[in-house]
Amino acid sequence: MTSARVNTFYRKFECLGGACPASCCKGWNVPVDDETWRYYKSLPGILGTRLRLSQMTRPEPVFALGYKDCEYHDRDGLCRLQKELGIKGIPEVCRRYPRLFENMGEYTAGWLDLSCIHAATLFLSETERMGFTEEIGDAPEVRPSGNNEDGDFLACLEQVREGMIRLLEDAIEKGSMESAGKALLFIPRFSYAAQNACIRGDYGLLLRPMEELAQELPAYEGEAEGYLPCAFSFVDGLFHCFYNSALKKQSPHLYALCQFYLAEYGGQAAEKNEKKHEGLIRAYMEEVPDALAHYLRYIEYSLCQYCFSIYEDYSFTRWMLRGIVDGSLILELMALSRKKEGRDLTSLEKAHVIAVAERRARHNPGTFKRMGKAGQDYFYGECGKEY
Ligand code: SF4
């Protein structure tokens, strides 16, 4: 065990077990780590044989679940392996999920993955800013996440993350769509400037107070003008990366919602859709308490995670947008749900939308890549291609 920095709602998590309405024992290919695989290979009897046979090797052993439940997911909603073999009988990923950790060399960071419906529920009830503000002493030892040992750059990134979160928190406090839109459009502007500064080897920009930069940084050539989070052309690009008929099996609810989206916007003039979409998002943001805060805090949550990706590949233009990309699609799905159902969603229903969207958008490598590219194309077009 080691210590780790975590966000504020991390400690509140406890798996719902058999009472979970959207168990994670479904719809994933679960990788089996070396130690657990060795253990399975040594197990005598029918269970040992079954475990060895039920794993495919491609190239590493996995429980391949497809759309189905894990074959060890019992009727009571609990894991048969855990019941029969104890905690050592389940793969490491099942032991930890939804707790994710990154060992950055200087320290380890941990957070809850929102693809877990209970983690998403805790996220929605959070009233504090996101960030690694608490320390725990019982985090697992994890191997370093990458090869970068540039502690100074990591410190710069932390300053960037904190500065951005301050701007977003300020927008939450102001509570208007306009202040949110301003903060959101600053993220790609800053990322573009930071990318160029890093290419020149000049980290000075990263250390400037974000509030000053928000006033001073000029627009880049070809900067997106769409008014966030209401730009239909942006969200529509994301939707078509996200939507797939496979959703019918993964989540009939989200599939029906996507059908509703297609019925709402399909075959209509772009201008009409822009207006319709703006009306939908404005009504949602203005009439649903916390809608704006949830959207902006989701972007904060993403900044926390993806700053570590920037540490590895130095791509500001790719990773800083990720919260806007995923968060805008989730916002669209929530607003559409409300319109479709004719009422506000319960917190559990919202958590369901987040969890399924995360499973599809973040944990499906193809969808993840396509959505990321759609975001970069929207904001940077030609000028962002080299990054
Ligand atoms: S989705 Fe979360 S709460 Fe539900 S079973 Fe999995 S870890 Fe537990």
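Quick notes on this structure:
- Approximating the spin labels as points 7 Å out from Cα along Cα→Cβ, the Thr346-to-Met1 distance works out to 3.6 nm.
- Look at the alpha carbon pairs under 8 Å that are at least 6 residues apart: their mean separation over the length of the chain gives a relative contact order of 20 percent.
- Cross-link table Lys26/Lys248; Lys248/Lys272; Lys249/Lys369; Lys12/Lys68; Lys41/Lys83, entries beyond 25 Å C-alpha to C-alpha: Lys248/Lys272; Lys12/Lys68
- A crude spin-label estimate for the pair Gln268 and Ile199, with each label 7 Å from Cα along the Cβ direction, gives 4.0 nm.
- Remark: the range 166-229 projects, on average over all directions, an area of 4.5 nm² (convex hull of Cα atoms).
- Taking the square roots of five times each eigenvalue of the Cα gyration tensor of the range 172-279, the equivalent ellipsoid has semi-axes of 35, 17, 14 Å, listed largest first.
- Estimated FRET transfer efficiency (Thr49, Asp74; beta-carbon r; R0 25 Å; 0.05): 0.85
- Likely footprinting exposure, Lys350, Lys174, fewest C-beta neighbours within 10 Å first: Lys174, Lys350
- Potential lengthening between His253 and Val142 on full extension [0.36 nm per residue; Cα-Cα distance subtracted]: 36.3 nm
- Near Leu65, the amide H atoms lying under 5 Å from its own belong to Trp28, Asn29, Val30; only residues 5 or more places off or on other chains count, and H is placed 1.01 Å from N.
- Shape category assigned to the range 81-137 from the gyration tensor of Cα positions, a/c cut at 1.5: oblate
- Long-range HN-HN contacts of Thr108 with modeled amide H, under 5 Å: Arg5
- Solvent-free Debye scattering, log10 I(q)/I(0), computed from the Cα coordinates of the range 1-160 at q = 0.10, 0.11, 0.20, 0.21 Å⁻¹: -0.45, -0.54, -1.33, -1.39
- Less than 5 angstrom separates the built amide H of Glu134 from those of Val6, all sequence-distant by 5 or more or on a different chain.
- Entry note, the chain: the mean residue ellipticity at 222 nm calculated from DSSP H runs of n ≥ 4, each adding -39500 (n - 2.57), is -18000 deg cm²/dmol after division by the residues and rounding to the nearest 500.
- Global geometry of the chain, whether rounded, prolate or oblate, following the gyration tensor of its Cα atoms and the 1.5 cut on a/c: oblate
- Pair Arg208, Glu221: separation of 7 Å Cα→Cβ label points (nm): 2.0 nm
- In this structure, Ile87 and Ala155 have a Cβ-Cβ separation that, at R0 = 45 Å, corresponds to a calculated FRET efficiency of about 0.75.
- With θ taken as phi - 60° and the Karplus curve 6.51 cos²θ - 1.76 cosθ + 1.60 applied, the whole-hertz 3J(HN,Hα) list for the range 338-351 is 4, 5, 5, 7, x, 7, 5, 6, 6, 4, 5, 5, 5, 4 Hz, x standing for glycine and proline.
- Residue list for the range 192-233, given a label point 7 angstrom along the Cα-to-Cβ vector of Lys373 and an amide N cut-off under 11 Å: none
- The range 25-96 shape via C-alpha gyration tensor axes, a/c threshold 1.5: rounded
- Estimated dipole of the chain in Debye, rounded to 20 [Cβ of Lys and Arg +1, of Asp and Glu -1, Cα centre]: 1860 debye
- Residue by residue, the range 355-362 carries 3J(HN,Hα) couplings of 4, 5, 4, 5, 4, 7, 7, 9 Hz when phi is fed to the Karplus relation 6.51 cos²θ - 1.76 cosθ + 1.60 (θ = phi - 60°); x denotes Gly or Pro.
- The value of relative contact order for the range 278-337, using C-alpha pairs under 8 Å at least six residues apart, is 40 percent.
Quick note: the coordinates plus some simple rules give every number you see, no bench work behind them. These figures come from a predicted structure and were not determined experimentally. Using ideal geometry, Cβ is built from the backbone for each residue, glycine included, and neighbour counts are taken over all protein chains shown.
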